Structures are given as C-alpha cells and as structure tokens.
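So that we are looking at the same thing, I have put the structure below in structure tokens.
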Amino acid sequence: MLNDALHIDGLAFPNRVVLQPMEGCDCRGDGAPSALTREKYLRAARSGAGTIWFEAAAVCPEGRTNGRQMMLTPANLDEFKALVRDVRETAMREAGVDPVLILQLTHSGRQSIVPMIAYRNRVYEAARPCTDANIVSDEYLDRLPEKYAATAALAAEAGFDGVDIKSCHGYLLQELLSAFERPGKYGGTFENRIRSYIDCVKAVRPAVPRSMLTARLSVADMVPYPWGFGTDASGGIDFTEPDLLIAALASEGVRILNVTLGNPYYNPHVNRPFRKGAYTPPETPETGLTRFETVEKHIKSRFSGLTVVGSGLSFFRDKMFARAEQLLTEGACDLAGFGRMWLAYPEFYRDWRAGRLDPKKCCLTCSRCTELMRGGRPSGCAIFNEYYRESYREMKT
Ligand SMILES: Cc1cc2nc3c(=O)[nH]c(=O)nc-3n(C[C@H](O)[C@H](O)[C@H](O)COP(=O)(O)O)c2cc1C
C-alpha cells in the first residue's frame with residue numbers, strides 16, 4: 001500500500017510517503033535557501049519519499065517568525081529554481097523517484113518577529129504578551145490574498161508542483177478562524193472568520209492554474225472555545241465548523257488536506273506526541289495518536305473526494321510503517337506524513353523498502369529539534385546529525 005503510486009488530477013505521486021514540512025530556521029536573511037537548507041532538502045531527496053512538502057515559507061517579510069525563515073521573492077527565485085532542480089535530480093539519481101514537491105505558504109501572525117495578531121487571545125498572551133497595537137487591520141487583511149497569490153506564482157515558476165495555503169498551528173490564517181470576538185468583516189460569524197483564508201485560496205487558484213492546491217489545516221486547535229477553533233468549551237473536538245470549512249476549501253479547488261491538530265506554542269504534545277519534552281502532557285501519547293486517527297477517519301468519511309495526509313507518525317518509531325499501512329488500509333488517509341523522522345533518519349523509507357530499517361536510527365521524539373528552534377538556532381536532529389548535535393551542546397553550555 002505505502003509503495004503504491006497515486007494519481008491526482010494528472011499528477012503522479014510515486015508512493016504514499018510524505019515528508020512533512022519541517023521549518024529549519026536556516027535560510028539566508030533574504031529568505032533564500034542557505035547551504036544548510038540545501039543539504040537538508042538533498043537528504044530529503046535521497047529518502048525515496050514520493051512527496052516532499054517544503055517548510056513554511058513566509059509570503060511577506062513582516063510575516064516571518066525569524067530572520068532565517070524561508071521566503072520566496074522575485075530576487076531569490078533563481079536560487080529556489082536551482083534547489084528544486086537539484087532535489088529532483090538527486091531523487092531520480094539516488095532513489096529512482098520523481099517526487100511531488102509542494103511549498104507551504106504562511107504568514108506567521110502572532111509568531112512573527114513583531115506579533116501580528118487576529119484578536120486579543122488571553123490564552124496565547126500568557127506566553128507572549130501583546131497589545132491592541134498588534135492586531136492586524138481589516139485593510140491589512142484585504143491585501144493578504146495578493147501576497148499569497150504572488151508567492152504561489154513564484155513557487156510555480158520555481159518548479160514546485162503545488163502550494164499549501166497553510167492554516168495551522170496558530171499562525172495568522174489559523175488564528176483568524178477563532179476570531180469570535182473580532183469586530184468587522186474578519187471576525188464574529190463563521191463566514192467572517194473564514195473570509196481571509198478563503199479569499200487567499202480564491203486568489204491563489206487563478207494565479208497557479210496548473211498547480212496542485214493543498215491545505216495544511218489544524219482541524220482543531222484543542223484550545224477550549226472561545227480561544228480556539230474546532231474545539232468546544234470543555235476542550236473536546238467539535239467538527240461542526242471544521243466540516244464546513246473543509247467543504248468550502250474543497251469547493252475552492254483544494255485537492256489535498258494535510259491534517260494536523262493543536263498549536264505547538266500552547267499544546268505541542270497535541271501536534272507532535274513526544275517521549276521527552278519541556279513538560280508532562282495532560283494526556284498519554286496514545287490518546288493524542290488516537291485523536292489523529294479519529295480526525296482523519298472523520299474527514300475521509302465525509303469528504304471522499306479529498307486526498308488526506310495523515311500526521312503524527314514519528315512517535316511509532318520502527319513501527320511507523322506498520323501503523324501507516326494500517327491507516328491507509330482502514331481508509332483514515334491516502335498519504336502518510338512523517339515529520340521528525342526524516343530529520344533524524346532521512347533514509348528511513350529507502351531502508352524500509354530495502355528491508356533494512358534500523359530501529360536504532362529512528363527518531364526518539366526527544367523534542368531537541370524544537371528546542372533548537374525555540375533557542376533561535378537552525379533546527380534539525382540533535383541526536384543523529386553531528387551539526388545539530390554540536391549546536392545543541394553549544395546552546396546548553
Ligand atoms: C522542528 C519542527 C519544525 C516544524 N515545522 C513545520 C512547518 O514548517 N510547517 C508545518 O506545517 N508543520 C511543521 N512542524 C510540524 C510537523 O510537520 C509535524 O506535523 C509534526 O512534527 C508531527 O509529525 P511527526 O510525529 O511525524 O513528527 C514542525 C515540527 C517540528 C518539530
């Protein structure tokens with residue numbers, strides 16, 4: 001199953017393995033890939049994965065989380081073209097696959113260098129204080145779709161097969177979904193709260209008519225109403241609005257939904273169940289993993305025409321492919337996404353296909369990749385990759 005090809009609108013996915021977007025915080029000041037970024041994606045190319053979902057790339061400078069976040073602009077387009085070309089050549093030469101390449105587009109919103117928030121959210125502001133001055137204006141949001149469309153057009157020119165209009169993990173387009181208390185046309189009613197997201201999708205579609213349109217969506221923030229999306233006041237998932245939103249995305253041409261959950265700045269255990277982290281989560285990892293499965297099955301049962309990418313598989317370590325096969329067979333998802341695993345063990349899929357998966361190389365879900373990122377350093381596997389291991393050691397001394 002995992003090795004089976006999939007065809008969507010004429011685009012061939014050589015197998016069902018997706019390397020999930022993993023922000024490296026390692027680009028140059030102008031947003032172009034650095035040597036470190038290139039190395040990371042060439043490792044990804046050698047994995048044999050059918051899809052490489054490139055990390056969050058900001059659609060404008062003020063929407064970057066840090067000065068090293070990826071950003072595709074007319075000035076650095078040629079460097080992205082070279083990266084895309086080299087990734088394809090490497091994948092063909094060394095793994096025998098022609099991978100689907102998707103670029104994730106984002107505006108970091110509350111996590112931008114200067115926070116740009118949808119509304120005052122007291123849950124999130126406990127961690128990062130803001131004032132009313134940080135609230136983005138309606139006029140700013142009116143101009144957002146053209147920024148997404150312009151970056152999407154550049155992505156197509158760079159050679160990406162598709163773009164992801166990301167609305168997850170608390171970034172701007174996600175936070176707007178829970179702007180219950182925002183006045184005006186981007187807050188309050190459901191139609192108003194999804195307006196900015198849908199307008200961005202609507203603007204991107206004609207800008208890249210031949211590209212695959214995808215969305216990475218936090219189906220539920222798991223932050224109780226009224227401070228999160230898709231979540232009731234007791235903290236459980238309420239599918240009413242996510243279902244309506246997914247239907248709207250599908251009717252605007254989104255063909256692939258990459259399912260995620262939670263907000264890593266508030267409840268990281270939801271998005272990436274871990275064995276070791278900065279705190280003890282209020283639930284077992286198994287509870288979180290079952291939640292992913294439940295949500296994916298729910299979406300597949302309602303939206304049969306949508307291709308679903310499953311998330312949160314790295315926790316299963318050397319059992320990850322058995323779990324992925326189970327989810328694919330049971331119809332929870334069509335593509336299986338692996339995040340932390342490919343940072344730890346980039347050749348994991350090739351090794352598994354060749355019958356030589358090494359359990360000792362599998363991701364430990366120790367959270368050090370996140371610690372590096374939060375520590376203002378390029379992010380990578382601080383256990384198995386020497387460069388990041390050294391960086392982690394330096395950070396701790
Ligand atoms: C260091 C790090 C960077 C990440 N960057 C992104 C990103 O750029 N975009 C995104 O949608 N998710 C991002 N994620 C979330 C992952 O894509 C993935 O959903 C998460 O790690 C759970 O999958 P896993 O269990 O296979 O690791 C990141 C996670 C980590 C740990």
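As an exercise: evaluate ALA179 against (1) aliphatic (A, V, I, L, M); (2) within 19 Å of the chain's Cα centre (by Cα); (3) under 18 Å from LEU244 (Cα atoms) and give the number of the one condition it does not meet.
(2)
Right, something else. Only one residue in TYR266, TYR279 is in the same structural domain as CYS333 (by TED's automatic domain parsing), within 15 Å of the ligand (Cβ to nearest atom), more than 30 Å from MET212 (Cβ to Cβ) and of a type outside the set (A, V, I, L, M, F, W, C), so which one is that?
Among TYR266, TYR279, only TYR266 is in the same structural domain as CYS333 (by TED's automatic domain parsing), within 15 Å of the ligand (Cβ to nearest atom), more than 30 Å from MET212 (Cβ to Cβ) and of a type outside the set (A, V, I, L, M, F, W, C).
Being in contact with a helix residue (DSSP H, G or I) (Cβ under 7 Å, 6 or more places away or on another chain) and within 16 Å of the ligand (Cβ to nearest atom) narrows it down to one residue among LEU42, LEU36, LEU77, LEU72; which is it?
LEU72
Considering only residues of region 48-62 that are closer than 17 Å to MET373 by Cβ and either outside the structural domain of ILE113 (by TED's automatic domain parsing) or crowded, with 24+ Cβ neighbours inside 10 Å (or both), which is farthest from the chain's Cα centre (by Cα)?
Residue satisfying both the conditions and the ranking: ALA58.
Would you point out which residue out of ALA233, ALA247 is aliphatic (A, V, I, L, M) and touching a residue at least 40 places away in the same chain (Cβ under 8 Å)?
Selected residue: ALA247, the only one of ALA233, ALA247 that is aliphatic (A, V, I, L, M) and touching a residue at least 40 places away in the same chain (Cβ under 8 Å).
One line per residue, one yes/no per condition, for (1) among the aromatic types (Phe, Trp, Tyr); (2) assigned to a strand (DSSP E or B):
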position: THR214; (1), (2): no, yes
position: LEU217; (1), (2): no, yes
position: TRP227; (1), (2): yes, no
position: PRO242; (1), (2): no, no
position: VAL254; (1), (2): no, no
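Looking only at region 87-139, how many residues end up being of a type in the set (S, T, N, Q) and at pLDDT below 95?
Final tally of qualifying residues: 0.
Just need a number here: residues in region 154-201 that are part of a helix (DSSP H, G or I), in contact (Cβ under 8 Å) with a residue 40 or more places away in the chain and of a type outside the set (D, E, K, R).
The number of residues fulfilling the criteria is 17.
Here's something else I'd like to know. For MET22, all conditions in the list (1) in a loop (DSSP other than H, G, I, E, B); (2) away from the ligand (no atom under 14 Å from the Cβ) hold save one; what is the number of the exception?
Answer for MET22: the failing condition is (2).
Go through region 323-346 and count every residue that is surrounded by fewer than 20 Cβ atoms within 10 Å (Cβ to Cβ) and either within 15 Å of the ligand (Cβ to nearest atom) or under 26 Å from ARG38 (Cα atoms) (or both).
1
Within region 348-369, how many residues are within 16 Å of the ligand (Cβ to nearest atom) and either part of a loop (DSSP other than H, G, I, E, B) or crowded, with 24+ Cβ neighbours inside 10 Å (or both)?
11
All but one of (1) closer than 18 Å to SER167 by Cα; (2) within 13 Å of the ligand (Cβ to nearest atom); (3) not in a loop (DSSP other than H, G, I, E, B) hold for GLU62; which doesn't?
(2)
Could you please let me know if ASN66 is closer than 20 Å to GLU371 by Cβ and in contact (Cβ under 8 Å) with a residue 40 or more places away in the chain?
Yes.
May I pose another question? Which condition number in (1) without any contact (Cβ under 8 Å) to a residue 24 or more places away in the chain; (2) touching a Cys at 6+ places or on another chain (Cβ under 6 Å); (3) under 18 Å from VAL204 (Cβ atoms) is the one that PRO115 fails?
(3)
Taking GLY277 as meeting all but one of (1) surrounded by 22 or more Cβ atoms within 10 Å (Cβ to Cβ); (2) assigned to a loop (DSSP other than H, G, I, E, B), write down the number of the exception.
GLY277 satisfies every listed condition except (1).
The values are calculated or read from the model by the stated rules, or taken from the named source; none is laboratory data. No experiment lies behind these values; they were computed from the predicted model shown. Cβ atoms come from the backbone with ideal geometry, glycine included; neighbour counts cover every protein chain shown.
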